[in-house]
1. R0 = 45 Å: FRET efficiency of Ala68 with Glu148, Cβ-based, nearest 0.05?
2. Any idea how far apart Glu170 and Asp228 come out in nm if each label point goes 7 Å out from Cα toward Cβ?
3. Return, ordered by residue number, the residues of the stretch 148-180 whose backbone nitrogen is under 12 Å from a label point located 7 Å along Cα→Cβ of Glu106.
4. For Ala193 and Ser97, compute 0.36 nm times the residue count separating them, minus their Cα-Cα distance, and round to one decimal in nm.
5. For Lys157, list the aspartates and glutamates whose Cα falls under 16 Å from its own Cα; do not include residues on the same chain fewer than 8 positions away.
6. To the nearest 0.05, how large is the calculated FRET efficiency for Ala162 and Ala44 if R₀ is 41 Å and r is the Cβ-Cβ distance?
7. Give me the distance in nm between label points sitting 7 Å out from Cα along the Cα-to-Cβ direction at Asp24 and Ala37, one decimal.
8. Find the relative contact order for the chain and round it to a whole percent, using C-alpha pairs within less than 8 Å whose residues are 6+ positions apart.
Amino acid sequence: MTRTVLITGGAGGLGRAFALGFADPGARVAVADVNAAGAEETAALVRERGAQALAVAVDVTSLESTEAMATQVAAFGGGGIDVLVNNAAIYAGITRSPFEEIDPAEWDRVMAVNLKGPWLCARACSPHLREGGAIVNISSATVLSGSEQWMHYVASKGGVIALTRVMAKELGRRGIRVNAIAPGFTLTEASYALMEDAASYGVDRAALKRPSQPEDIVGAARFLAGPDSSYISGQTLVVDGGRQF
Ligand code: NAI
């Protein structure tokens, strides 16, 4: 399918899996990340799949940087963007502590990347989004479970669900749909950095009794970005192997 898809946070992990998942022959996949080298690596892998790729260095916390990204990606896309996947976020490097002890500066940093970031990316891309396009925001199942000792992260991802509902209303008039995915714990380098026993974490509580790989989340993104979900907007799809929070 010839469409232009922008994945933020595409240097590795879930973002790389999304980029490869959208790498249909002829598609244009833009991979944006603060990690420019990682974005280039992903772009090279996308090209190996027969799609066109563009790597973009971006800091999603900056208005100027996200606007420059959107302009560059729209030019790459022949004058527009069809799909934005708002995936960039931070979590592995942040402190886990009771909410009374969260450092306010860290709270602000988490909100800047995880909540302001998706807003700024959507804001910058909005003028370039084609009718029939879609935004897929990556939230987290921790919003539903109320994951302990992580209130800044959980609150930022709850905010992503709120952004999703508002943007769905405001962009719906232009035929653009906005949905979110709330993945359960998924095995990426970052989640291994978070906990050594990542591969077994939560598996007993998942109906499917196996850990989630990044590829397990890709189908949901393709569905929400594509014609099979043409009358779905403002929703959050939980993809957690039946763990049910
Ligand atoms: P990751 O750390 O591999 O990916 C995040 C990417 O965002 C990185 O490539 C990083 O360089 C980029 N990034 C960070 N700050 C940025 C900034 N200011 N500007 C631009 N890019 C920036 O993490 P992972 O595991 O792939 O997670 C991807 C998404 O999925 C995140 O939104 C995360 O919150 C969400 N998620 C992950 C789960 C998991 O268990 N892995 C579960 C639920 C949600």
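1. Working: r = 39 Å, r/R0 = 0.86.
Computed FRET efficiency for Ala68 and Glu148: 0.70.
2. The answer from the label model is 3.1 nm.
3. Within reach of a label on Glu106: 149-153.
4. Details: separation 96, 0.36 × 96 = 34.56 nm, distance 1.65 nm.
Gain on stretching Ala193 to Ser97: 32.9 nm.
5. Glu106, Asp108, Glu148, Asp240
6. Numbers: r = 36 Å, r/R0 = 0.88.
That pair, Ala162 with Ala44, gives E of 0.70.
7. Taking the simple label geometry, Asp24 and Ala37 are separated by 3.4 nm.
8. Values: 544 pairs, mean separation 44.3, N = 245.
Dividing the mean separation by the residue count of the chain yields 18 percent.
Readers should treat all values here as calculations from the given coordinates under stated rules, not as data from a laboratory. Note that the structure is a prediction, hence the values are computed from the model and not measured. As a convention, Cβ positions derive from the backbone with ideal geometry for all residues, glycine included, and neighbour counts pool all protein chains shown.
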